[in-house]
Amino acid sequence: MTIKAGDKIPSVTFKKITDDGLADISSDDYFKGRKVALFSVPGAFTPTCSAQHVPSFVNQSQALKDKGVSAIACVSVNDAFVMQAWGEAQKVGNAVEMLADGNGEFARATGLTLDGTGFGLGERSTRFSMVVEDGTVSHLNVEENPSEMNVSSAEHMLGQI
């Protein structure tokens, strides 16, 4: 079953590199009491993800915050070290938090998986964006073709909130 607007975010643990090292980020705590713009990509350093998706949210971060978004997060089925390196390469700074779903726990729990075995990627998350308000999905935008970015862009999200 796929998550939809009105559903609660599943309880999972993301990983993130902080100044103190590898940290666990509880989805329950992360989304509690605030509005979060979350987007997911099939893989760090992949073409559409790097050329379009992350830049979309970095470039629109202030506009999203002006509409009440407290945090912007990118999640991918990659490890925390890859996500940190990708964030640095993308120059996300404080605009976007890079959250690792290294074991695909979040992707499976939301039902938003992608079979990338034909490309040597294994099971990944498909390309999507969502607005999460106090732990509940208010808007969900899933790409029909995960190699394209249309409805999951920051610009599309801005038109929704």
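The values are calculated or read from the model by the stated rules, or taken from the named source; none is laboratory data. On a predicted model such as this, the values are computed, not experimentally measured, just so you know. All Cβ positions, even for glycine, are placed from backbone atoms using ideal geometry, and neighbour counts span all protein chains on display.
Annotations for the structure displayed:
- Residues of segment 23-57 that are surrounded by 14 or more Cβ atoms within 10 Å (Cβ to Cβ) and hydroxyl-bearing (S, T, Y): S27, Y30, S40, T46, T48, S50, S56.
- A5 within 20 Å of V151 (Cα to Cα) and in contact with a His (Cβ under 7 Å, 6 or more places away or on another chain): yes
- Among residues of segment 112-134 being under 14 Å from the mean Cα position of the chain (by Cα) and either assigned to a strand (DSSP E or B) or small (G, A, S) (or both), the one that is surrounded by the fewest Cβ atoms within 10 Å (Cβ to Cβ) is T113.
- Of all residues in segment 111-127 being of a type in the set (G, A, S) and at pLDDT 85 or above, the one that is farthest from L140 (Cα to Cα): S125
- Residues in segment 80-94 that are more than 14 Å from the chain's Cα centre (by Cα) and free of Cβ contacts under 8 Å to residues at least 60 places away in the same chain were compared, and the one that is surrounded by the fewest Cβ atoms within 10 Å (Cβ to Cβ) is N94.
- Within segment 135-158, considering residues that are outside any loop (DSSP other than H, G, I, E, B), in contact with a Phe, Trp or Tyr (Cβ under 9 Å, 6 or more places away or on another chain) and β-branched (V, I, T), the one nearest to V12 (Cα to Cα): T136
- 1 or more residues of a type outside the set (D, E) and farther than 20 Å from T136 by Cα: qualifying helices (runs of 4 or more DSSP H) within segment 1-105: 54-59, 61-66, 80-89
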